[in-house]
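K.L.:
My structure is below; once you've seen it, I'll send some questions.
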Amino acid sequence: MGHERVGLLPKTERWRDLVERIASATGASDVADLAGRTTELLRGQLRNVQTDRGVQAAFYYLVLLGFAARDPQTTRSELGRHGINVPESPTPLDFVRALRDWVGKHSDNGEYAELATRAAGEAICTWFEENRSGPRPLFERHENAFEIWHGVATGSGFCELARKFFARFTERHLNYYLEREASAAAPSLEARDALQRNLKDHVDRISRHAFETARITQSFAAGWFNKRRDEGRVSGEEIESFLRLAFGKIRDELLRERHRV
């Protein structure tokens, strides 16, 4: 899937400068400026992420899950045809383990692969929690698990799963940069704890916006998925093309948000 890869996330002085500004922020005007700077930097880092094999593999897994879920009686065997193995009564964590195996086999196991795997895993668990009746532990087996996953086979179900993936990936991407530079910048454990508290407040605000921004992927995800589900196949080139469009829309929305700050 794809011919280029982003590889390791680069280190940049601009992210370190942003962390230093967060550490010294004192008022509401600082917060507005920091939000604008953060969205601008994040937007730049999302430019070529669709070419990374780990990101492609994680999203491809979600698509294959949607394809296989059309018939609850054959979901497990359909996944098996693609080398995705889950138990007869899988828990959400079983699907996450299978996801990690899948991405490991189809990517170069870089930092983007890890971010995408975690984002897809969180999307799977959250979607399952929201679509089953009654709260249960994620590790508890459910007798009607494949009936619940059947909802992912619809356009509306898949685009909600996809939105959760893009929102979680955007949030984790942001966290990666900020936390890495914070670790390098804090001179002591006490300073690091204080900085981490400021970072968490900042990331929470940006993350809420990232989740709302990811809604724009729903406007075309359902139609894209339904067409390929009916055909029963999807190519690596189509996965990369979808990701390019989705991240492009998110980048455009981040740009609009930057101008509103």
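K.L.:
Averaged per residue, what accessible surface does region 41-157 expose to a 1.4 Å probe, in Å²?
P.N.:
42 Å²
K.L.:
Moving on. Show me, for region 70-79, the HN-Hα J-couplings you get by feeding each phi into the Karplus relation (A = 6.51, B = -1.76, C = 1.60, θ = phi - 60°), rounded to Hz, glycine and proline as x.
P.N.:
4, 10, x, 6, 10, 4, 4, 5, 5, 5
The values are calculated or read from the model by the stated rules, or taken from the named source; none is laboratory data. Fair warning: this is a prediction, and the values are worked out from it, not measured in the lab. Calculation scope for accessible area: heavy atoms of the full protein, side chains included, ligands and nucleic acids excluded. Shrake-Rupley method; radii C 1.70, N 1.55, O 1.52, S 1.80 Å.
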